[in-house]
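Data first, discussion second: the structure below is written as structure tokens.
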Amino acid sequence: MHVLVPVDGSNNAMQAVNFAVALARENPKTQVTILSVIAPFTETRAGMILEKARNAFINAGLTVHTILMEGEPADTIIKYAQEQKIDNIIMGHRGMGALKSMVLGSVSQKVLHNSSIPVTIIK
């Protein structure tokens, strides 16, 4: 099984990382890819975010792949998952503030409603 874990630096994203670590421990054949997507022309801490998520796997003695991409987050996550034949997307419930999410819609909701791949949302 190949699992994709999109991360944005939020606590909910790290909860998804921890869930994926536990899943990989239980199922050693599980391949995990951590993906951080940055919007064009934005300042980012994506490298630090990926490193923090990667360290959770390394500290558990697990192998993980990391990817950094640029684009609209939900569309990029869905496209990558389809191209890489991902079996499940595991992501945090909400990464942005509540007000911004109400206005723009959360990335997790967009992925959940637009992906043909199963999505596990972690609260």
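The numbers here are math on the coordinates, done by the rules we state, and not lab data. Source: prediction; values computed, not measured. Cβ: placed from backbone, ideal geometry, glycine included. Neighbour counts: every protein chain shown.
Restriction of the trypsin sites (Lys or Arg not before Pro) in region 18-90 to DSSP coil positions whose beta-carbon has at most 13 other beta-carbons within 10 angstrom yields LYS29, ARG45, LYS85.
The HN-Hα couplings worked out from phi for region 74-82 by the Karplus form 6.51 cos²θ - 1.76 cosθ + 1.60 (θ = phi - 60°) are 4, 4, 5, 4, 4, 4, 4, 4, 5 Hz, whole numbers, x standing for Gly and Pro. Relative to the dominant Cα principal axis of the chain, helix 46-59 is inclined by about 20°.
Based on Cα coordinates alone, diagonalise the gyration tensor for the chain, multiply each eigenvalue by 5, take square roots, and list the semi-axes in whole Å, largest first. Can you show the working numbers first?
Numbers: eigenvalues 91, 50, 37 Å².
Rounded to whole Å, the semi-axes are 21, 16, 14.
Think of the chain as a dipole: +1 on every Lys or Arg Cβ, -1 on every Asp or Glu Cβ, centred on the Cα centre; then among ASN18, ALA39, VAL3, ASN18 lies furthest on the positive end. Local charge sum around GLU72 (other residues, Cβ-Cβ under 11 Å, Lys/Arg +1, Asp/Glu -1)? Surrounding charge for GLU72 is 0. Spin-label model, HIS2/ALA22: points 7 Å from Cα along the beta carbon direction are separated by 2.6 nm. With each label modelled as a point 7 angstrom along the Cα→C-beta vector, the SER116-THR63 pair spans 2.9 nm.
For the chain, what does the helix formula give at 222 nm: sum of -39500 (n - 2.57) over DSSP H segments with n ≥ 4, over the residue count, nearest 500 deg cm²/dmol?
Theoretical 222 nm ellipticity from helices: -14000 deg cm²/dmol.
Here the spin labels are modelled as points 7 Å beyond Cα on the Cα-Cβ line, and at GLN15 and THR44 they lie 2.5 nm apart. The dipole here belongs to the chain: it is taken about the Cα centre, uses +1 on the Cβ of Lys and Arg and -1 on the Cβ of Asp and Glu, and is about 280 debye. Ranked by the mean number of other Cβ atoms within 10 Å of their residues, highest first, the peptides 16-23, 115-122 come out as 16-23, 115-122.
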